[in-house]
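As structure tokens, the structure follows; a few thoughts come after it.
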Amino acid sequence: MVPGARTPAASVLRGLVAVVGAAVLCFSGAAEARVLLTLDDFGAVGDGIANDTQAFVDAWTAACGSEEQAVLAVPVAKAYRIWPVQLSGPCKKKLKLLIAGTIVAPASPDEWAGRDPMKWLYIYGVDGLSVSGGGTIDGVGQEWWARSCKRKKTQPCNTRPPPRALHFEECRGVSVQGVTLQNGPQFHLSFTRCVDVKANFLRVVAPADSPNTDGIHLNDSSRIQITDNLISTGDDCVSMVGNCSDVRVRDISCGPGHGISIGSLGKNRTTDRVENVRVDTCLLTNTTNGVRIKSWQGGMGSARDLRFESIMMKNVSNPIIIDQYYCDQPTPCANQTKAVEVRKLEFVDVRGTSATAQAIKIACSDTVPCTELELRNVNLTVVGGGAATASCYRASGKAVGVVVPASCLANGDP
């Protein structure tokens, strides 16, 4: 029991049904005993105005420390305003966070004064956590976007990255499914140094002009499954940076936004490695890029063993793009000889319409060219009819089957 909290209306569930508002939880009699906790048990108001942060922390502490597997519920039809918070492990048992209602961020960036400006809901060192429930996580990012230098072109404007909405770090065996994440100040759902992650049946939404609002972002993470998600934001629907491996992205509806991206890699001369990534059965609509690999000059490492398959493009700018000269800064980037190696990439059954005349753009390094690329059964035309074009620089590989526009890859060494 947490000091100062009301006595929880918590019960050990052995083959019972627990009702939290309209949310119903069922557990079989043979299952391990579980304890149910709600934010209201710890004094939360849930009116969308009161600060319910301490109740959330107290409920988490009790659930994480429970000797029995706990279900921590955010009740339906209520909104809980939560200030920046860190929820840490390890927990004694696997934990379920059932979000049936809404978790809401503070509306003003000023509320982050004295706090880490890059964190809102920050979960660290927790293994076996499951997040579900059909509810909503609302980052209330409108004022963050308005102050961003990417939108506000006069001083003062904010150059520092805003907080990530739901951020996991150093976690294993995490599942996030069946919730809505909306209006994140920056990334909506992100994983850093995490292993064995599932992000499924999610709805991730923000305005098309909201800066840096990636849907799902991976950094230094492996064994990831991202499937059956609807993502419509102002930046990448899915992005991965650092050292990521064994990633499966499947059945994604993406758009608007910036497409699905590997990178950016190699910024500030870092060594990044992304490998064994499969992206398939995705619909991209009205995005500013399609499937993209982007890296900075001067970086090191590699992007290899990547396969993009069964991708449908509708009115997509730059449907296929490899850019080893990526530069996202106000001043031009200096030419450098080192580069992240791009090798063993496949684009298979990619079809649809391009919003730009150039549907395929592959721009690789003079010193570290792209090799072992394959275009197989690609059919991209310009919106409204007409032939699209392809451009390749320092790129080699092969075309298999019918490839439209005609492949520009060099055979053998570029």
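Placing dummy labels 7 Å off each Cα toward the beta-carbon, the span from Ser245 to Glu111 is 4.1 nm. Comparing Cα centroids, segment 218-263 and segment 126-202 end up 13 angstrom apart. Averaged per residue, segment 58-212 has 38 square angstrom of accessible surface, using a 1.4 angstrom probe with ligands and nucleic acids left out. Express in % the proportion of alpha carbon pairs of segment 195-256 at distances exceeding 13 Å. Considering segment 195-256, 58 percent of its Cα-Cα pairs are separated by more than 13 Å. Give me the percent of accessible area attributable to carbon and sulfur for the chain, probe 1.4 angstrom. Whole-percent figure for carbon plus sulfur exposure: 49. Once you have a ≥ b ≥ c as the square roots of the Cα gyration tensor eigenvalues for segment 215-321, tell me rounded if a/c is under 1.5, and otherwise prolate or oblate according to whether a/b is larger than b/c. In terms of gyration-tensor shape, prolate. Set the Cα radius of gyration of segment 73-203 against 2.2 N^0.38 Å, with N its number of residues, and you get 1.07.
Using a simple spin-label model with pseudo-atoms 7 Å out from Cα toward Cβ, Thr154 and Glu67 lie 6.5 nm apart. Going by the alpha-carbon gyration tensor, a ≥ b ≥ c the square roots of its eigenvalues, is segment 37-139 rounded (a/c under 1.5) or, if a/c is not under 1.5, prolate (a/b greater than b/c) versus oblate? Because a/c hits 1.5 or more and a/b fails to exceed b/c, segment 37-139 counts as oblate.
Over segment 308-356, the Kirkwood radius and the radius of gyration, each from Cα atoms, give a ratio Rg/Rh of 1.08.
Looking at segment 299-414, the accessible area is 45 square angstrom per residue; that uses a 1.4 Å probe and ignores ligands, DNA and RNA.
Over the C-alpha trace of segment 282-394, radius of gyration and Dmax come out as 14.2, 41 angstrom. Angle of helix 53-64 to the longest C-alpha principal axis of the chain, folded into 0 to 90 degrees and rounded to 10: 90°.
The relative contact order of segment 275-360 comes to 39 percent, based on Cα pairs under 8 Å that sit 6 or more residues apart. Legend: P(r) of the chain from all alpha carbon pair distances, 10 Å bins from 0, whole percents, reading 5, 21, 29, 22, 13, 7, 2, 0. Over 29 Å apart at the Cα level, from the set Lys96/Lys294; Lys119/Lys314; Lys119/Lys344; Lys198/Lys398; Lys78/Lys119, are Lys96/Lys294; Lys119/Lys314; Lys119/Lys344; Lys198/Lys398.
The packing ranking of peptides 285-291, 250-256, highest mean first, is 285-291, 250-256, where packing means the average number of other beta carbon atoms within 10 angstrom of each residue. Rounded to the nearest 500, the helix-only mean residue ellipticity at 222 nm of the chain stands at -1000 deg cm²/dmol, with each DSSP H run of n ≥ 4 adding -39,500 (n - 2.57). Each peptide in 340-351, 324-335, 219-230 was scored by the mean count of other Cβ atoms within 10 Å over its residues; highest first, the order is 340-351, 219-230, 324-335. In terms of its C-alpha gyration tensor, segment 154-208 has an oblate overall shape, because the principal axis ratio a/c (a ≥ b ≥ c, square roots of the eigenvalues) is not below 1.5 and a/b does not outweigh b/c. Each of the peptides 172-179, 73-80 was scored by the mean count of other Cβ atoms within 10 Å over its residues; in descending order, highest first, they stand as 73-80, 172-179.
The values are calculated or read from the model by the stated rules, or taken from the named source; none is laboratory data. All values derive from a computational prediction rather than experimental measurement. In this analysis, Cβ positions are derived from the backbone assuming ideal geometry, glycine residues included, and neighbour counts consider all displayed protein chains. When the accessible area is computed, the model is the full protein with side chains, heavy atoms only, and any ligands, DNA or RNA have been set aside. Shrake-Rupley method; radii C 1.70, N 1.55, O 1.52, S 1.80 Å.
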